[in-house]
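Peer 1: So that we are looking at the same thing, I have put the structure below in structure tokens.
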Amino acid sequence: MAFRLKLCPAKTNIDFFAAAPVTFGASVVAMIASVIIWAVMGLNFGIDFRGGTTIRTESTQVVDVATYREALQGMNLGDISITEVFDPGFRADQHVAMIRIGAQDETQSITPEQIASVEAALKTVDPAITFPSVESVGPKVSAELIWSAILAVAAGCVGIGIYIWLRFEWQFALGSVAALFHDVLVTIGIFSLFQIKFDLTTIAALLTILGYSINDTVVVFDRLRENLVKYKTMPLRDVMNLSVNETLSRTLMTVMTTLIALVSLLIFGGDVIRGFIFAITFGVLIGTYSSIYMAKNIVLYLGVDRGGPKKDNRAGTQFAKADA
């Protein structure tokens with residue numbers, strides 16, 4: 001007999017609205033806290049958004065940050081940040097450091113001649129040092145990238161909202177967009193709280209989160225639409241609970257298989273993509289939560305047109321009681 005792994009029973013009867021005041025309140029608190037943390041602590045912008053030059057170094061010798069800094073003194077490079085990079089995937093003799101040099105004027109970062117001088121200075125203290133990558137972004141370009149990133153995320157939310165509106169009803173569109181806004185805002189709050197580097201790869205991760213979260217939400221909404229036709233006299237709250245229970249096994253299986261791949265990349269993928277993978281991993285978790293506890297709760301508050309012949313002005317529309 002074949003063994004089939006089940007993350008939950010085939011048929012469940014969980015009342016997902018039982019803790020609605022707690023879960024919905026926790027989401028609101030998390031969003032408010034994210035805004036406050038973001039305003040107070042700000043984001044640890046990467047070189048993409050801050051402007052400047054990042055030089056990645058590798059050597060067989062142990063990184064001595066103080067020696068590196070001393071070698072670069074007197075070169076009039078302005079703000080310099082030197083950090084040693086640790087990664088379990090590195091070889092025993094692989095020592096990596098990131099040198100960030102802030103942009104010095106409003107038009108460009110440091111010049112190619114200055115980069116060559118930096119590399120020459122570091123070679124005097126460590127002849128075995130190499131420079132696998134050098135990235136430069138000017139302040140004007142970084143400002144444009146910030147606006148482009150904001151527009152990309154906003155356009156993604158609006159486009160998804162229009163798609164859901166056309167596919168379902170406007171109540172579903174509002175619930176979906178609110179859930180996406182919740183996912184993005186809480187993820188940004190986590191990045192601000194732990195001062196994780198926020199760069200263009202993080203924006204790519206946020207857009208990926210939008211796609212994953214809405215995919216999970218659409219699965220629940222699709223089953224809800226089918227059940228609204230099938231159980232026309234069942235209260236809306238019960239139909240929603242039934243729909244989430246019927247899709248729960250699929251939701252858990254999807255999130256678990258996705259997390260297996262993401263956690264593997266988080267551990268063995270290296271420091272270059274760690275911020276990107278962390279954002280997606282957190283986004284998958286928060287997206288699953290919001291599809292179960294956020295989107296449908298908002299739809300319940302707004303009410304759904306149940307369709308069918310209308311005997312009076314309210315016969316075809318059932319609005320939920322605000323107890324969930």
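Peer 1: In this structure, is Arg314 modelled with pLDDT under 80, more than 24 Å from the chain's Cα centre (by Cα) and open to solvent by less than 50 Å² (accessible area, probe 1.4 Å)?
Peer 2: Judged against the criteria, Arg314 is not a match.
Peer 1: Right, next: When you scan segment 242-278, how many residues do you find that are under 17 Å from Gln171 (Cβ atoms) and either surrounded by fewer than 18 Cβ atoms within 10 Å (Cβ to Cβ) or over 24 Å from the mean Cα position of the chain (by Cα) (or both)?
Peer 2: Number satisfying all stated conditions: 1.
Peer 1: If you don't mind, there's one more thing I want to ask. Identify, from the list Gly156, Gly138, the residue that is modelled with pLDDT of 85 or more and more than 23 Å from Ser59 (Cα to Cα).
Peer 2: Of the residues listed, the single one that is modelled with pLDDT of 85 or more and more than 23 Å from Ser59 (Cα to Cα) is Gly156.
Peer 1: Test each condition in (1) open to solvent by less than 20 Å² (accessible area, probe 1.4 Å); (2) touching a Ser or Thr at 6+ places or on another chain (Cβ under 7 Å) for Arg223 and report the one that comes out false.
Peer 2: Every condition holds for Arg223 apart from (1).
Peer 1: Please go through (1) in contact with a helix residue (DSSP H, G or I) (Cβ under 7 Å, 6 or more places away or on another chain); (2) in a helix (DSSP H, G or I); (3) closer than 18 Å to Gly46 by Cα for Glu144 and return the number of the only condition it doesn't satisfy.
Peer 2: Failed condition: (1).
Peer 1: State which residue is nearest to Leu224 (Cα to Cα) when the search covers only segment 256-288 and only residues that are in contact with an Asp or Glu (Cβ under 8 Å, 6 or more places away or on another chain) and modelled with pLDDT of 85 or more.
Peer 2: Thr288
Peer 1: So is Phe168 closer than 18 Å to Leu302 by Cα, of a type in the set (Phe, Trp, Tyr) and surrounded by 17 or more Cβ atoms within 10 Å (Cβ to Cβ) or not?
Peer 2: For Phe168, the condition - closer than 18 Å to Leu302 by Cα, of a type in the set (Phe, Trp, Tyr) and surrounded by 17 or more Cβ atoms within 10 Å (Cβ to Cβ) - is met.
Peer 1: Sticking with this structure for a sec: Might you check whether a residue that is under 23 Å from Gly303 (Cβ atoms), open to solvent by less than 20 Å² (accessible area, probe 1.4 Å) and either in a helix (DSSP H, G or I) or of a type in the set (Lys, Arg) (or both) occurs anywhere in segment 182-198?
Peer 2: yes
The values are calculated or read from the model by the stated rules, or taken from the named source; none is laboratory data. Just so it is clear, the structure is predicted and the values come from calculations on it, not from any experiment. Cβ: placed from backbone, ideal geometry, glycine included. Neighbour counts: every protein chain shown. Ligands, DNA and RNA are excluded from the accessible area calculation, which covers all protein heavy atoms including side chains. Shrake-Rupley method; radii C 1.70, N 1.55, O 1.52, S 1.80 Å.
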